[in-house]
Amino acid sequence: MKKTKDLREMTRAELEHKLKEETEANFNLKLRRNTQQIPNPLQLRHTRRSVARMKTVLNEDRKGTRKLAAGTGPKE
């Protein structure tokens, strides 16, 4: 789990890639929760919050509230 400060130091491409990975992990955990018991139920909460954190940072960059690492800008 990354802190918001660490996420803002990443480039937009890195952050979007990480978001895709976390979204897939969240989906797989939800699927496993419904079909079998998962060893650490708190892992689902952590991935869900991590996805929300990444989406917030990307949205802030898109709106211009806070910028990501140098060399990135809003993708339009």
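Some points to look at:
- Every residue from the stretch 63-76 that is surrounded by 13 or more Cβ atoms within 10 Å (Cβ to Cβ) and either of a type in the set (Val, Ile, Thr) or modelled with pLDDT of 90 or more (or both): THR72
- Those residues of the stretch 1-27 which are surrounded by 15 or more Cβ atoms within 10 Å (Cβ to Cβ) and more than 18 Å from ARG62 (Cβ to Cβ), in sequence order: LYS2, GLU22, ALA25, ASN26
- Taken as a whole, the condition of being touching a residue at least 60 places away in the same chain (Cβ under 8 Å) and of a type in the set (Asp, Glu) does not apply to GLU60.
- In the stretch 22-51, the residues that are in a helix (DSSP H, G or I) reach residues that are surrounded by fewer than 13 Cβ atoms within 10 Å (Cβ to Cβ) with C-beta atoms within less than 6 angstrom, at least six apart or across chains, in these pairs: HIS46/MET1; SER50/MET1.
- Total residues in the stretch 28-44 satisfying the condition of being within 20 Å of LYS2 (Cα to Cα) and either surrounded by 10 or more Cβ atoms within 10 Å (Cβ to Cβ) or of a type in the set (S, T, N, Q) (or both): the figure is 6.
The values are calculated or read from the model by the stated rules, or taken from the named source; none is laboratory data. These numbers come from a predicted model, not from an experiment. Note that we place each Cβ from the backbone using ideal geometry, even for glycine, and neighbour counts take in every protein chain shown.
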